[in-house]
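Enquirer: Sending over a structure as structure tokens; questions will come in a sec.
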Amino acid sequence: MTLNVAIAGPGNIAHHCLAPALSKVRGAVFWSVLSRDSKRALNFAKTHGAKAPNPTPVDLKAMLEDPDLDAIVIATPDKLHADQTIACAKAGKHVLVEKPMATDVSSARAMVQACETAKTCLAVAYHLRWHDGHRRLVAAIRKGKLGNLRHMRVHWTWNAGDASNWRASEEVGQWWSLAGVGTHCLDMIRWIMVPTCGEIVSIKSQISKHVWGGPHDETATVSILFESGATAEFYSSALFDSPCHVEIYGDRGYALCDETLGRQGKGIVQINGKPMKFRFMNPYEGEIRDFISSIIEKRPPEVDGIEGFHNAELLERISTNSNG
């Protein structure tokens, strides 16, 4: 079985990561692309070999009217995700939506409900779950290698240079550092901690937006408490470059990940001071492969709309209940 897959939003991630990965996934065909800029759409379709007879529809309505289209990867700005996903569901199309899936709880809930009603797949693109080192580490943790988990810490920053990025403004974004990388930090924490530590019962944050003075977070420091009493924290910032890392502590050991947060599927993973061997693989291929196979096998994707909803709900709490 082969599925025809479109991409909405031919930006940086779509060009460098999503479209190349899509071309390597068995059972998927890059079909068409949607952009507000027709020239950009044509260049993207040509570069990545879109197969549809009309690979650059004029708008979302025209794209969804294509009877040969099966699924859409939504990589547009964050505030567009909800309406686009709901429209796709109503048209019977499956959706892989970039993170964060929505910019408020009510929109995230509406996305989940629309896809449940239409019986279409809704997956959320947290590609770090398909980093081979992360997956091998999580498997070891599930087998008790670290014992009972007690604490986790994630640190990820980048230097935006100025506030010109669309996430820094209110027009199509809701969060800046939190949406750029913080949402990934939160997903990593939930992925690793929730299965044995229970749900998050408390979350507190400090938000700073004092350098550029815009409406959204430039830096966020977040602390988390789980049902088991275990804790976690993450730090995200758009103000400076720094080494990214993950720390996980249990009562029988610890694990460290250095420079594994990013697009490349590389870095160093250690358990109790010993390097863990893993394959350098494109994590975007993994997330798209899971999306395609979940449709074919009629099963939930690994990161479904419910998990995406939890992430969006926590981001909303982080930003609205900040002490900053």
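The values are calculated or read from the model by the stated rules, or taken from the named source; none is laboratory data. Model, not experiment: these values are computed from the prediction. Because the Cβ atoms are built from the backbone with ideal geometry, glycine has one as well, and the counts that use them run over all protein chains shown. For the accessible areas, the whole protein counts, side chains as well, though only heavy atoms, and no ligand, DNA or RNA atoms are used. Shrake-Rupley method; radii C 1.70, N 1.55, O 1.52, S 1.80 Å.
Enquirer: Under a cut-off of 12 Å between alpha-carbon atoms, report the aspartates and glutamates in cross-link reach of Lys90, not counting same-chain residues fewer than 8 places apart.
Expert: Answer for Lys90, where 12 Å is the Cα cut-off: Glu65, Glu116, listed by chain and number.
Enquirer: Rounded to the nearest whole Å², what accessible area per residue is found for the stretch 148-252 with the 1.4 Å probe?
Expert: Result: 41 Å² per residue.
Enquirer: Any idea how far the Cα center of the stretch 248-288 sits from the one of the stretch 179-220, in Å?
Expert: If you average the Cα positions of each part, the centres end up 20 Å apart.
Enquirer: For Lys143, which lysines qualify as cross-link partners when the Cα separation must be under 24 Å and same-chain residues fewer than eight apart are set aside?
Expert: Lys266, Lys274, Lys277
Enquirer: Now, a different point. Can you list the HN-Hα couplings for the stretch 30-36, worked out from phi with the Karplus curve (6.51, -1.76, 1.60; θ = phi - 60°), rounded to whole Hz and with x for Gly and Pro?
Expert: So the J values, rounded to whole Hz, are 6, 9, 7, 9, 10, 8, 6.
Enquirer: DSSP loop (so not H, G, I, E, B), at most 14 other Cβ within 10 Å: list which GluC sites (Glu not before Pro) in the stretch 252-324 pass both filters.
Expert: Answer in residue order: Glu259.
Enquirer: Sticking with this structure for a sec: If I model a spin label at Ile306 and Asn272 as a point 7 Å from the Cα along the Cα→Cβ vector, what separation in nanometres do I get?
Expert: Inter-label distance under the simple model: 3.5 nm.
Enquirer: While we're looking at this one, here's another question. Relative to the Cα centre, what is the charge dipole magnitude of the chain, using +1 at the beta carbon of each Lys and Arg, -1 at the beta carbon of each Asp and Glu, and rounding to the nearest 20 debye?
Expert: With Lys and Arg at +1 and Asp and Glu at -1, about 1060 debye.
Enquirer: According to a simple spin-label model (label point 7 Å from Cα along Cα-to-Cβ), what is the distance in nm between Glu171 and Lys298?
Expert: Taking the two extended label points, one gets 4.5 nm.
Enquirer: If you don't mind, another one. Output the Kirkwood hydrodynamic radius of the stretch 1-113, Cα pairs only, in Å rounded to one decimal.
Expert: This gives a value of 13.9 Å.
Enquirer: Also, I was wondering about something else. List the GluC sites (Glu not before Pro) within the stretch 33-126 that DSSP assigns to loop and that have no more than 15 neighbouring Cβ atoms inside 10 Å.
Expert: Within the stretch 33-126, the qualifying GluC sites (Glu not before Pro) (loop, at most 15 other Cβ atoms within 10 Å) are Glu65.
Enquirer: Another one. Among DSSP bridges having both ends in the chain, what percentage is antiparallel? Round to the nearest 5.
Expert: Around 60 percent antiparallel, to the nearest 5.
Enquirer: Can you tell me the 0 to 90 degree angle between the C-alpha axis of helix 132-142 and the longest principal axis of the chain, rounded to 10?
Expert: Taking the Cα atoms of the chain, the angle to 132-142 is about 50 degrees.
Enquirer: Restricting everything to alpha-carbon atoms, can you work out Rg to Rh for the stretch 217-324 with a Kirkwood hydrodynamic radius?
Expert: 1.00
Enquirer: Starting from the stretch 58-131, pick out the trypsin sites (Lys or Arg not before Pro) whose DSSP state is loop and whose Cβ has at most 14 other Cβ atoms within 10 Å.
Expert: Lys119
Enquirer: Which percent of the accessible heavy-atom area of the chain goes to carbon and sulfur, probe 1.4 angstrom?
Expert: Whole-percent figure for carbon plus sulfur exposure: 50.
Enquirer: When we measure straight from the Cα of Lys79, which lysines land under 16 angstrom away, once same-chain ones fewer than 8 places off are left out?
Expert: Lys99
Enquirer: Across the stretch 234-244, in residue order, what do the Karplus-derived ³J(HN,Hα) couplings come to in whole Hz, using 6.51 cos²θ - 1.76 cosθ + 1.60 with θ = phi - 60° and x for Gly and Pro?
Expert: 9, 10, 10, 7, 9, 9, 7, 7, 7, x, 9
Enquirer: Between Glu65 and Lys143, what is the label-point separation in nm under the 7 Å Cα-to-beta-carbon projection?
Expert: A separation of 5.5 nm, rounded to one decimal place.
Enquirer: Right, something else. In degrees between 0 and 90, to the nearest 10, how far off the longest principal axis of the chain does helix 283-297 point, with axes built from Cα atoms?
Expert: Once rounded, the angle reads 60 degrees.
Enquirer: Right, here's the next one. Go through Tyr235, Tyr126 and list them by solvent-accessible area, largest first, probe radius 1.4 Å.
Expert: Reading off the accessible areas and sorting them downward yields Tyr235, Tyr126.
Enquirer: Could you run the Karplus curve 6.51 cos²θ - 1.76 cosθ + 1.60 with θ = phi - 60° over the stretch 214-219 and give me ³J(HN,Hα) per residue in whole Hz, x for Gly and Pro?
Expert: x, x, 10, 4, 8, 9
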